[in-house]
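Reviewing the structure listed below.
Every number in this text was worked out from the coordinates using simple rules, so none of it is lab data. Source: prediction; values computed, not measured. Here the Cβ positions follow ideal geometry from the backbone for every residue, glycine too, while neighbour counts run over all protein chains shown.
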Amino acid sequence: MTHKNSSSDSALAKSLFANALSAFCAELALTEGKAALTVETYALSLSLFGRWCAKNALSLEKASVRELAYYLARRHTEGASNKTVAKDISALRTFGAYLVRQKIWGENYALHLDRPRSAQNLPRVLSECKVNMLLSGIAADTALGVRDRALFELIYSAGLRVSEAAGLLITQTHLAEHLLIVLGKGNKERMVPFGEDAKRWLAEWLERFRPEIMGGRAVPEVFVSRRGRPLSRKSIWKRFQDIEARTGVSAKVHTLRHSFATHLLKGGADLRSVQELLGHSDLSTTQIYTHVDAAQLQESHQRYFPGHA
């Protein structure tokens, strides 16, 4: 009999939670205009909490700070990283605000939870030698080969994001001045110089091979496919994977941007200038590259002076 009541309570708790979560997600999408991916991420995170509540026959209105803390402790023991738990807390706080508005919670208990500190993941960078090996390994004996060489030379030379390279327009490209007008995150424009090697390959692409592919058709983007369509981010990632496999240099497209920033700082550029070139709104985002260089120095010291670090 007790078992039957426990099962009934669990089913009821699960049903009430599902209804609240469904209404919350609808409000996020329809009223607050949140992106579908954001709503999906919140729903996934909160559904895990809902399952835990149902398993413990805990009704949503009776959940308090203690229960939330128990749940997050469980997430830790199941192997969730600090970063994942921090995302869970963000979802619970937003959901908690909704529950307060619906008078299901008397207060937003999730606001009392402390976000765990995530370990700082330093970006991987390539040495200048490895970058040269990667770029020189691009077979530039065809029109698309020249395009790829120009594309990745420019990403490295100007520190571009993949989305910025894909969306770069011909009208934003000034070869004679070695300058790009880049539209970055938040539609912020910035002016970025690029080097002589990037200019040479970009001129070869724009003045010789791109017109052959386009055949008079008007497409504003600099980089296009063999069919004359704007090159997508997915296509750029795929091209890079092919080049990576051919050269044996293990990296990602974004590694070129990380390498650009690190090499500038190593060469004596000041942090503010690098911040402007990368289009970072916060200087603390750029400061991670100073840690990268320090980490590389420490690694070199340990390699050549083992036992004396």
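Assorted remarks:
- Sorted by Cβ neighbour density within 10 Å, fewest at the top, the residues 236, 170: 170, 236
- Distance from the stretch 72-97 to the stretch 150-184 (C-alpha centre basis), Å: 39 Å
- Translational diffusion of the stretch 40-86, µm² s⁻¹ [Kirkwood Rh, Cα pairs; Stokes-Einstein; 25 °C; 0.890 mPa s]: 220 µm²/s
- The chain: angle of helix 143-158 to the longest principal axis, Cα-based, in degrees nearest 10: 70 degrees
- In this calculation the C-beta distance from residue 40 to residue 66 is compared with R0 = 51 Å, giving a FRET efficiency of 0.95.
- If a spin label sat at a point 7 angstrom from the Cα of residue 169 along the line to its beta carbon, the backbone N atoms of the stretch 208-227 nearer than 18 Å would be those of 217-224.
- Simple spin-label estimate for residue 232 and residue 185 in nanometres, 7 Å along Cα-Cβ: 2.4 nm
- Between the residues 228, 41, 158, the greatest Cα displacement towards the positive end of the dipole of the chain, with unit charges on the Cβ of Lys, Arg, Asp and Glu, is found for 41.
- Pair residue 273, residue 225: separation of 7 Å Cα→Cβ label points (nm): 4.0 nm
- Using the Cβ-Cβ distance between residue 114 and residue 55 with R0 = 30 Å, the FRET efficiency computed as 1/(1 + (r/R0)^6) comes to roughly 0.75.
- Viscosity 1.002 mPa s, 20 °C: Kirkwood-radius Stokes-Einstein D of the stretch 128-304 over Cα pairs, µm²/s: 127 µm²/s
- Nearest-ten-degree value, helix 65-77 long axis tilted from longest Cα axis of the chain: 50 degrees
- Spin-label model, residue 84/residue 32: points 7 Å from Cα along the beta carbon direction are separated by 2.3 nm.
- On the principal axes of its alpha-carbon atoms, the chain has extents of 81, 61, 35 Å, going from largest to smallest.
- With Cα atoms, 0 to 90° folded angle of helix 36-55 axis to the chain main axis: 30 degrees
- For the pair residue 76 and residue 143 in one chain, pulling the backbone fully straight at 0.36 nm per residue adds 18.9 nm over the alpha carbon distance.
- Rounded to the nearest 20, the size of the Cβ-charge dipole of the chain about its Cα centre is 840 debye, with Lys and Arg at +1 and Asp and Glu at -1.
- Measuring how big the stretch 29-115 is from its alpha-carbon positions, Rg and Dmax come out at 12.7, 36 Å.
- Residue order for 258, 112, fewest other beta carbons within 10 angstrom first, comes to 112, 258.
- Dipole magnitude (debye, nearest 20) for the stretch 125-231, charges at Cβ of Lys, Arg, Asp, Glu: 420 debye
- Most positive-pole-ward Cα, 241, 205, 195, against dipole of the chain from beta carbon charges: 241
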